[in-house]
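Structure record follows, encoded as structure tokens.
The values are calculated or read from the model by the stated rules, or taken from the named source; none is laboratory data. Predicted model only: the values in this text are computed from it and were never measured. Cβ placement follows ideal geometry from the backbone for every residue including glycine, while neighbour counts extend to all protein chains displayed.
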Amino acid sequence: MEKSKVLVVGGTGYIGKRLVKVSFDEGQETYILHIHRPENKYDIDKVQMLLSFKEHGTHLVPGSFSDHQSLVNAVKLVDVVICAIAGVHVRSHQILLQLKLVDAIKDAGNVKRFLPSEFGTDPARMENALEPGRITFDDKMVVRKAIEEARIPFTYISANCFAGYFLGGLCEPCKILPSRDSVTLLGDGNKKGIRNLCR
Ligand SMILES: NC(=O)c1ccc[n+]([C@@H]2O[C@H](COP(=O)([O-])OP(=O)(O)OC[C@H]3O[C@@H](n4cnc5c(N)ncnc54)[C@H](OP(=O)(O)O)[C@@H]3O)[C@@H](O)[C@H]2O)c1
């Protein structure tokens, strides 16, 4: 099978680091956008993670959301762009930073597929979501609209409550470990759920 060149944006995050690992484990030529963030400059764990990715043969590409040309240069290196920028820091609108990535992909003109930062509940089905979570779904829909208007080939991955923030706490709001005291059951308590155990 023909291998792709893949750029991961947000490759130091919870989802992103797993995407990087899978990409290089599968033999894809993998690039990570290395975004210099002054607020993270003393996070030695993240620096070590990036160095470890580099030792495995991944390429670190410097870039910044405030430097359009740096984003264009980065996406020109690859066929596929996967973004896993944070979505849970309510009201900081990091998800909307992807609009700059969409502009860069459009200008570069070479990207065959873009996977924006989704990986959760399908935002198109969340029009009745309540705050504070709602803002993330709304922002993800703004990004989808920009991608589609720019006619960029895309894949949206909706995996529902599959990951750490939800599963560990049995989907109880604001809990990442199961409660020992009480659990709120929604509806009549007979909703079916599927639990997938994976790395
Ligand atoms: N975690 C879950 O349980 C879960 C479940 C379902 C869906 N999701 C979705 O998966 C996606 C990724 O979430 P996550 O939990 O993996 O995120 P995360 O661990 O909080 O971090 C993701 C990445 O975003 C980068 N980032 C954050 N703010 C930034 C900024 N202002 N400028 C540049 N980079 C910035 C971080 O860089 P630094 O390393 O420099 O901080 C990191 O690489 C989101 O769309 C989220 O809604 C997550």
Quiz item: Which residue, of Q94, Q98, is crowded, with 22+ Cβ neighbours inside 10 Å and among the polar types (S, T, N, Q)?
Solution: Q98
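For the condition touching a residue at least 12 places away in the same chain (Cβ under 8 Å), more than 10 Å from the ligand (Cβ to nearest atom) and out of contact with any strand residue (DSSP E or B) (no Cβ under 7 Å at 6 or more places or on another chain), what is the one hit in K140, K145, K76, K112? Working first, answer last.
On the way: K140 fails: more than 10 Å from the ligand (Cβ to nearest atom); K145 fails: touching a residue at least 12 places away in the same chain (Cβ under 8 Å); K112 fails: out of contact with any strand residue (DSSP E or B) (no Cβ under 7 Å at 6 or more places or on another chain).
One residue alone meets the criteria, K76.
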Quiz item: Using beta carbons and a limit of 9 Å, which pairs, at least six apart or on different chains, have the first residue in the stretch 38-61 and under 16 Å from L19 (Cα atoms) and free of Cβ contacts under 8 Å to residues at least 24 places away in the same chain and the second one in a helix (DSSP H, G or I) and within 9 Å of the ligand (Cβ to nearest atom)?
Solution: none
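Out of G16, G11, I need the residue that is assigned to a helix (DSSP H, G or I) and touching a residue at least 40 places away in the same chain (Cβ under 8 Å). Which one?
G16
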Exercise. Tell me which of these S92 doesn't satisfy, since it passes every other one: (1) touching a helix residue (DSSP H, G or I) at 6+ places or on another chain (Cβ under 9 Å); (2) near the ligand (Cβ under 9 Å from one of its atoms); (3) not hydrophobic (A, V, I, L, M, F, W, C).
Key: (1)
Practice problem: Would you check if V80 is within 18 Å of I157 (Cα to Cα) and among the hydrophobic types (A, V, I, L, M, F, W, C)? | Solution: yes
Quiz item: From the set of residues in the stretch 11-53 that are farther than 19 Å from A86 by Cβ and within 13 Å of the ligand (Cβ to nearest atom), which is modelled with the lowest pLDDT?
Solution: I44
